[in-house]
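In what follows, a structure is listed as structure tokens, so that the remarks can point back to it.
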């Protein structure tokens, strides 16, 4: 049975789904509740709420273009933080979206009383059944159904706003803040749920054409349109009534329409409100049903939820389950309070989405390649996190209780079922502390990589790991040839893919890889060196590098790194975990474009790496017929005796080397700046790489800064401590 959804939604459909997910109870019901809290300033509450959700909208647009697959937020958090976070977020979002849909259906009751005396619950359940049936038929039909209702809703509310302008009175806006800034803050948190559907379309990203453009544009465009509509409509309401007249009114749109256009016009708006809130329920069922579908494909829920209908290519089991949950809630619970509790979880999810963008960017995850990138990084994400936290605090203890309850359900589900079905770790787990790498022997047949043609029975003196972003792979390999001392040299090109993707999906080598293979083979022939080249596809780059170095029993692992990126919010050092686990020496090379090494400068730090620094410098000087200069740093404040001691210490070390060697004690107030200034006259800086620590990971170490800022090429070596 096919397990891939058909891409059939364009930009227009994306905007339609986004607006349909937002436009409903947020404009037809919540203004009355907002007037009771903050009075005429309710329009400012809508504007502030939109500003608070903007970072999450832009972050989610970025995440969706990097991972355009069904499941939305669940997928992003699962791939970033691992299956536990994915299970909690997937279940929580699924329930909160369905509860919000149920809340919209119950909101219909307030307007049904205007035009009908039919029993409430049977009518609502009938609406729900029709919505579920349309969803089973397919997203294209749902999109057309929503489009018609959406245009009717916008046209109707626009007509109300235009008519309301003629009866608008400035005096009704006084007092603007009857409860002060506290009331405005509470109202901002309340109406936040009105925008909760702005990113809901990301849950069906797998069905969007050209998601790189349509997702980001659709999300942002729909947010602007709905914000304008919310602000204008609530401002028109505020100018037509005293805020006390609308406080607690669950039919504010009907009340306004009746005043400006008479009872018949009011009844027409009531019908539009009903259709619009049915539309919200439809969008909720559409997006919500994709969460169990995506979680099932990742083995976090039973497999039957991941099956598609043979004819309509829709996740029928997931749709039916979502229908049953909404029906059960409508019949059994006070869904208004539950829906508000669930919205608190959505605020928390938006905060975590902002954190996810930071984690994925700073971890330099190889497969994370968003077509759209959120601007103003990382300030936009920081604002989103802080504003979301403020909204949660403003919502009170009820928000915290709801977060704890839904999170507990997700944790129970993970430990009872999901944990036994998956061994994925997420980006945080892979980039974090790896106790599993200490186990040298793996179970037979267990692997996180596809080694294809690599001969793991053939030992290599040195392994060069290529990740695809090297300035010059050839120069890195030439450095490897020099360090290998004519021994076997393995060049491993590692392509990291998400854990959910199959290792065997990469069938053909891209043109860039074929070109690189050809150049490496030519280098091996020209230099008459035993160089082999192998591509490796991996879910876990850390483990893959560790396995290759272990299985080939290499003495050196050589990689390229350009140092800490300027302007980064956090600091991810891709070699930190290697220092802790490798059983071989590690060499980190930064290529500055120097092709002929004739002058080598070696920094002596009096640590465990000094012997390796001296040995490596001496060997490279012999290979390149270069001179060596050994350096130490002495602060201006130290005594002349101390400086003489440092000079004699360097002279003693120089006497042990074969290559022509000079010595120099650098002086100044800043060691890093002094060394950087000295490197201008040299071709290669060799230094020891310090051990990894959490403090150095965030603040940066001395060798990190030298690698990034030295004027010449840099080779940082780290001797194995195992």
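Read-outs throughout are calculated quantities, based only on the coordinates presented, and are distinct from any laboratory measurement. Every value quoted in this text rests on a predicted model; they were computed, and no experiment measured them. Virtual Cβ from ideal backbone geometry, glycine too; neighbours counted across all protein chains shown.
Compute the acute angle (0 to 90°) between the alpha-carbon long axis of helix 180-191 and the principal axis of greatest extent of the alpha-carbon atoms of the chain; round to the nearest 10°.
Tilt relative to the chain: about 90 degrees.
Using only alpha carbons, build the gyration tensor for the stretch 266-326 and give me the equivalent ellipsoid semi-axes, biggest first, whole Å.
Over the Cα atoms of the stretch 266-326, the ellipsoid semi-axes are 31, 11, 8 Å.
Say each of residue 674 and residue 126 gets a label point 7 Å from the Cα, pointing the same way as Cα to Cβ; how far apart are those two points in nm?
Here the answer is 8.8 nm between the modelled labels.
State, as an integer percentage, the relative contact order of the chain based on alpha-carbon contacts under 8 Å between residues 6 or more apart.
Relative contact order here is 17 percent.
For a quick protection proxy, order the peptides 312-322, 102-112 by their average other-Cβ count within 10 Å, most packed first.
102-112, 312-322
Once you have all Cα-Cα distances for the stretch 193-334, histogram them in 5 Å bins from zero and send the whole-percent values.
P(r) over the stretch 193-334, rounded to whole percents: 2, 8, 12, 15, 16, 14, 12, 9, 7, 4, 2, 0.
So what's the angle, to the nearest 10 degrees on a 0 to 90 scale, between helix 335-362 and the longest Cα principal axis of the chain?
20
Subtracting the Cα-Cα distance from 0.36 nm times the residue separation, let me have the gained length for residue 528 to residue 512 in nm, one decimal.
Contour length minus the Cα-Cα distance gives 3.4 nm.
Where does helix 316-332 land angle-wise versus the long Cα axis of the chain, in degrees 0 to 90, nearest 10?
Tilt of helix 316-332: around 50 degrees.
Can you compute log10 of I(q)/I(0) for the stretch 1-128 with the Debye formula, treating each Cα as one identical point scatterer, at q = 0.20 Å⁻¹?
-1.32
Distances over 16 Å make up what percent of all Cα-Cα pairs in the stretch 222-291?
Result for the distance tail: 61 percent.
Report the gain in length on full extension from residue 311 to residue 362: 0.36 nm times residue separation, minus Cα-Cα distance, nm rounded to one decimal.
That pair, residue 311 and residue 362, stretches by 14.1 nm at full extension.
How many angstrom separate the Cα center of the stretch 606-650 from the Cα center of the stretch 279-297?
Going from one Cα centre to the other spans 64 Å.
Can you figure out the FRET efficiency of residue 658 with residue 373, using R₀ = 56 Å and their beta-carbon distance, to the nearest 0.05?
0.65
If you take every DSSP beta bridge whose two residues both sit in the chain, what share of them, in percent to the nearest 5, is antiparallel?
15
Where does the chain land on the Kirkwood hydrodynamic radius, alpha-carbon pairs, in angstrom?
In the chain this quantity evaluates to 28.8 Å.
Summing -39500 (n - 2.57) over the DSSP H runs of n ≥ 4 in the chain and dividing by its residue number, what mean residue ellipticity at 222 nm do you reach, to the nearest 500 deg cm²/dmol?
-19000 deg cm²/dmol
Taking the number of other C-beta atoms within 10 Å as the exposure measure, put 377, 43 in order starting with the fewest.
377, 43
Convert 10 °C to kelvin, take the viscosity as 1.306 mPa s, use the Kirkwood radius over C-alpha pairs of the stretch 598-711 as Rh, and evaluate the Stokes-Einstein diffusion coefficient in µm²/s, rounded to a whole number.
In µm²/s, the coefficient is 109.
Between residue 151 and residue 521, what is the spin-label point distance in nm, taking each point 7 Å from the Cα along the Cα→C-beta axis?
About 5.9 nm, to one decimal.
Given bins 10 angstrom wide, list per bin the percent of all Cα-Cα distances in the stretch 11-421, short to long.
In whole percents, the pair-distance histogram is 5, 24, 34, 25, 10, 2, 0.
Please arrange 18, 231, 554, 52 by how many other C-beta atoms lie within 10 Å of their C-beta, fewest to most.
Listed from fewest to most nearby Cβ atoms, that is 231, 52, 554, 18.
Once fully extended, how much extra length lies between residue 469 and residue 486, figured as 0.36 nm per residue of separation less the alpha-carbon to alpha-carbon distance?
3.5 nm
What is the fewest-to-most order of 124, 17, 152 by other Cβ atoms lying within 10 Å of their Cβ?
Result, fewest neighbours first: 152, 124, 17.
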